[in-house]
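Below: the structure, in C-alpha cells.
Where a number appears in this text, it was derived from the coordinates with a stated rule and is not lab data. It should be emphasised that the depicted structure is a prediction, and the values quoted were computed from it without experimental measurement. Cβ coordinates were reconstructed from backbone atoms using ideal geometry, including for glycine residues, and neighbour counts include every protein chain displayed.
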Amino acid sequence: MVGLSFGVSPGEGDIQAPCCTGGCYTCLVLADGRPERSCVSPVRETMAIRTELPDGFTPVRVIHGPQPHSVGGNATPWWLKARGRYIEVAIWVAGCNLRCPQCQNLTTTYDGRNAPLSPRRAAERVTRARHRYGVDRMAISGGEPALDRPWLVQYFSELRALNPDPDARLHLDSNGTLLSRDYVHELIDAGATDIGIEPKGVYPETFMCITGIEDEALARRYLETAWRATEYVVSSYKDRVFLGVGLPYNKVVIGLEEVRDFGRKLASIDPGTQLSVLDYFPSFRRRDIERPQPGEMLTVKRVLEGAGLKAVVVQTAIGHIGPG
C-alpha cells in the first residue's frame, strides 16, 4: 500500500492499525469493495484499496464473554469487592496496542479469528447477562477497549439505550494510552459512568519493561496520555464518573521507590482516587516471575498510603484488602 501512512492513535495516519493481530478491526479498509483488516490481509497486485469506509458502516470487533464477576476491575468500588457474590458482568475485547510479555489475558488479547460483533449485538449480550445474574454493573476490558473508537463509543451508546435506569453502571477499564480529552468526553457523553485507567508506572523505563514497547518516544507518549486522562477525569468529571486507577506490582518490574512516586503523583491529582494494585504474575512469558506474597502486597499498600493516598486496595492470593 504505497503512499499510505499507519498510526496507532485515533486520527493518526491514513490507517489506524494499533493491534496488528486482527482482533480489534480498527484497521478496516475497502479492498476491492469488501471490508478487510489491513494488518492481517495479504495484498494482491491490482487490488483497489480505499481507506474510507462507506457512510453508515457498522464497526465490528471480537469479544469474549459476557461473564459474571465477583471482584471487578480497576473502576469497581473497593467496598463492593468483599460481598462474596457477583457484582458485575463483563466482556473482554480482542486486540491491544501494548505487548506485555507477562500478559494475563493473552487468549483474548491475541484472538484475531473469532467472529466479530457489532456494538449493538455486544450490548444486547451484556444486557441479557445483567438480567440473568441480577447485577447493575456492566464492564468492558481487554485487550484494550479504546483501540476502535467508533466501536467503543457506539457500544456505550447502545448499552445506555438498553439500560436507561439510574442503577445501571457502565464500566470501562483501559490502559489509558489512547484516552485523549475529547475521547474521554465522548465516552462519558455516550454513557460511561465508571472509568479505570492503568498507567503502569511513573518512569518510561518501567513502562517499557512492563508493556514490551521498545520505542521510547512512543512509551513516553503513552505514559503521558494515561496520566493526563487521569487528571482530566478528576478535574472535569469527578461529580459524574467513578475513577479507579490501576498499578501492576511485582518487584521484578517495579520497585518500591517508584511505587511511592506513583502514589505521590496520584495523590497530587486527588488523594481520594481509588488505586487498585494487582499482584502481578505471568500467565504467558516471563514464567520465572513469582507472584508477590500477601505480606509483600501489604507493604506496597502501606507505602502508597504513606504517599498520601486514602483509598488503596491490593489484590492478594488470599483476597482483596481495601482501606482500613
Item to complete: Compute the acute angle (0 to 90°) between the alpha-carbon long axis of helix 256-269 and the principal axis of greatest extent of the alpha-carbon atoms of the chain; round to the nearest 10°.
Response: 80
Worksheet item: Just from its helices, what would the mean residue ellipticity at 222 nm be for the chain, if runs of 4 or more DSSP H residues each count -39500 (n - 2.57) and the sum is divided by every residue, rounded to the nearest 500 deg cm²/dmol?
Response: -9500 deg cm²/dmol
Worksheet entry | Beta bridges by DSSP in the chain, antiparallel share as percent, to the nearest 5 | 35
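Decide, for the range 204-324, between rounded, prolate and oblate: order the square roots of the alpha carbon gyration tensor eigenvalues as a ≥ b ≥ c, take rounded if a/c falls under 1.5, and otherwise choose prolate if a/b is larger than b/c, else oblate. Walk me through the numbers before you get to the answer.
Details: a/c = 1.88, a/b = 1.11, b/c = 1.69.
Oblate is the answer for the range 204-324, as a/c is 1.5 or above yet b/c matches or exceeds a/b.
Which is the longest run of the chain containing none of the trypsin sites (Lys or Arg not before Pro) found in DSSP loop states (not H, G, I, E, B) with at most 11 other C-beta atoms within 10 Å?
Working: sites that count: Arg44, Arg83, Arg85, Arg113, Arg240, Arg287.
In short, 114-239.
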Worksheet item: In terms of modelled amide H atoms, which long-range or inter-chain residues lie less than 5 Å from the amide H of Gly7?
Response: Ile15, Gln16, Ala17
Worksheet item: For labels at Glu214 and Arg50 in the simple 7 Å Cα→Cβ model, what's the distance in nm?
Response: 3.8
Discussion item. Can you classify the range 60-141 as rounded, prolate or oblate using the Cα gyration tensor, where a ≥ b ≥ c are the square roots of its eigenvalues, rounded means a/c under 1.5, and otherwise it's prolate if a/b beats b/c and oblate if not?
Written reply: oblate
Worksheet item: Relative to the longest principal axis of the chain, what angle (0 to 90°, nearest 10) does the C-alpha long axis of helix 216-237 take?
Response: 70
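Can you give the extra length, in nm with one decimal, that the chain gains between His131 and Leu106 once fully stretched, where that is 0.36 nm per residue apart less the Cα-Cα distance?
This chain segment gains 6.1 nm when fully extended.
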Worksheet, complete the sentence: If the chain between Trp79 and Arg264 were fully extended at 0.36 nm per residue, the gain over the current Cα-Cα distance would be 64.3 nm
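Pull out the extension gain between Arg181 and Ser118, defined as 0.36 nm times the separation in residues minus the alpha carbon to alpha carbon distance; nm, one decimal. Each step should come with its number before you reach the end.
On the way: separation 63, 0.36 × 63 = 22.68 nm, distance 2.50 nm.
Between Arg181 and Ser118, full extension yields 20.2 nm more.
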Worksheet entry | Spacing of the two label points (7 Å from each Cα toward its C-beta) at Ile318 and Arg221, in nm | 4.6
Worksheet item: Counting GluC sites (Glu not before Pro) as exposed when in a DSSP loop with at most 10 other beta carbons within 10 Å, what is the longest stretch of the chain free of them?
Response: 53-213
